[in-house]
1. Taking VAL58 as meeting all but one of (1) under 15 Å from the mean Cα position of the chain (by Cα); (2) farther than 28 Å from GLU33 by Cβ; (3) in a helix (DSSP H, G or I), write down the number of the exception.
2. Out of PHE24, PHE61, PHE5, report the one residue that is aromatic (Phe, Trp, Tyr) and either surrounded by 17 or more Cβ atoms within 10 Å (Cβ to Cβ) or over 27 Å from ARG161 (Cβ atoms) (or both).
3. Within the bounds of region 103-110, is there any residue that is modelled with pLDDT of 90 or more, more than 11 Å from the chain's Cα centre (by Cα) and among the acidic types (Asp, Glu)?
4. Condition first: modelled with pLDDT under 95, of a type in the set (D, E, K, R) and loosely packed, with under 14 Cβ neighbours inside 10 Å. Now tell me which residues in region 142-193 satisfy that.
5. Give region 150-200 a look and list any residue that's hydroxyl-bearing (Ser, Thr, Tyr) and not in a loop (DSSP other than H, G, I, E, B), or say none.
6. Quick check on my filter: what residues within region 165-192 are touching a residue at least 60 places away in the same chain (Cβ under 8 Å), out of contact with any helix residue (DSSP H, G or I) (no Cβ under 9 Å at 6 or more places or on another chain) and not charged (D, E, K, R)?
7. Here are some residues: GLY39, GLY18. Which one is in contact (Cβ under 8 Å) with a residue 24 or more places away in the chain and in contact with a Gly (Cβ under 8 Å, 6 or more places away or on another chain)?
8. Taking LEU100 and the conditions (1) in a helix (DSSP H, G or I); (2) at pLDDT 85 or above; (3) under 24 Å from LYS155 (Cβ atoms); (4) not small (Gly, Ala, Ser), which numbered condition does it fall short on, given that it satisfies the others?
Amino acid sequence: MLNFFKYMYYWLMTSVAGVVSFCFYPVRVYGRENIPKKGGCIFASNHESNIDPILLPVVSFRRMRFLAKDSLFKHPVLGTMIRFGGGIPLKRGTADRGALTEALQSLKDGWPVLIFPQGTRGGERPQAGVGFLAGKSGVPVVPIFIEGTDKVLPKGAKTPRRTQVKVIFGKPFIIQPESPSNQAAEQVMQAILRLKDSCE
């Protein structure tokens, strides 16, 4: 019964987010055919706005789990909502083995898991966690480039500004299990940045 409630809650929230997107930030999506139709995969995206983790479930059409900073889970109501929506709490700046273990199990169970290799909005270097998950799980990595969400909801803004957003899903690829996590993370980040070059 609880799983059914989580299922309904997820798609209700995704539908609401879709309506908000249509009203405030119309989205053009490219490469949706690159999304695996079933099975575990890693959605690896650049991170420019708090909108990003809300937007990607809307445009991917796959129910997913996602890593989110653990401070969001400390508020009892907000934390429960994020958990029900598939969130996995992550202690940023550390090798959070608990979060990585939960994400790895989700991938093995056939879930897509969304991760932002930059770790924080506008971060310059990818975090090793995405490389660890990709190498350890052996699932496809789908690189994603988002453009425009930083203009919809800039840092410090409380209300969205209407502007066009673009989302590009790249071709999935596999990270070899013997690849060091840092090198694998760089490989993932470069795949994301190549999508940026393709839309300029």
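The values are calculated or read from the model by the stated rules, or taken from the named source; none is laboratory data. If you're wondering where the values come from, they're calculated on a predicted model, not measured in any experiment. Here Cβ is always computed from backbone atoms with ideal geometry, including for glycine, and neighbour counts include all displayed protein chains.
1. All conditions pass for VAL58, except number (2).
2. Sole residue among the options that is aromatic (Phe, Trp, Tyr) and either surrounded by 17 or more Cβ atoms within 10 Å (Cβ to Cβ) or over 27 Å from ARG161 (Cβ atoms) (or both): PHE5.
3. Residues of region 103-110 that are modelled with pLDDT of 90 or more, as a first pass: 103-110.
This time we only want the ones that are more than 11 Å from the chain's Cα centre (by Cα), so: 103-110.
Then drop every residue that is not among the acidic types (Asp, Glu), which leaves 109.
Scanning region 103-110, I find at least one residue that is modelled with pLDDT of 90 or more, more than 11 Å from the chain's Cα centre (by Cα) and among the acidic types (Asp, Glu), so the answer is yes.
4. Of everything in region 142-193, those that are modelled with pLDDT under 95, of a type in the set (D, E, K, R) and loosely packed, with under 14 Cβ neighbours inside 10 Å turn out to be LYS155, LYS158, ARG161, ARG162, GLU178.
5. Residues of region 150-200 that are hydroxyl-bearing (Ser, Thr, Tyr), as a first pass: 159, 163, 179, 181, 198.
Answer for region 150-200, where residues must be hydroxyl-bearing (Ser, Thr, Tyr) and not in a loop (DSSP other than H, G, I, E, B): SER181, SER198.
6. In the first step, residues of region 165-192 are kept if they are touching a residue at least 60 places away in the same chain (Cβ under 8 Å); the result is 165-172, 185-186, 188-189, 191-192.
Filter once more, so that each one left must be out of contact with any helix residue (DSSP H, G or I) (no Cβ under 9 Å at 6 or more places or on another chain): 166, 191-192.
Once the filter is applied, which keeps residues that are touching a residue at least 60 places away in the same chain (Cβ under 8 Å), out of contact with any helix residue (DSSP H, G or I) (no Cβ under 9 Å at 6 or more places or on another chain) and not charged (D, E, K, R), region 165-192 yields ALA191, ILE192.
7. Values: GLY18 fails: in contact with a Gly (Cβ under 8 Å, 6 or more places away or on another chain).
On inspection, the qualifying residue turns out to be GLY39.
8. It fails just one condition, (3).
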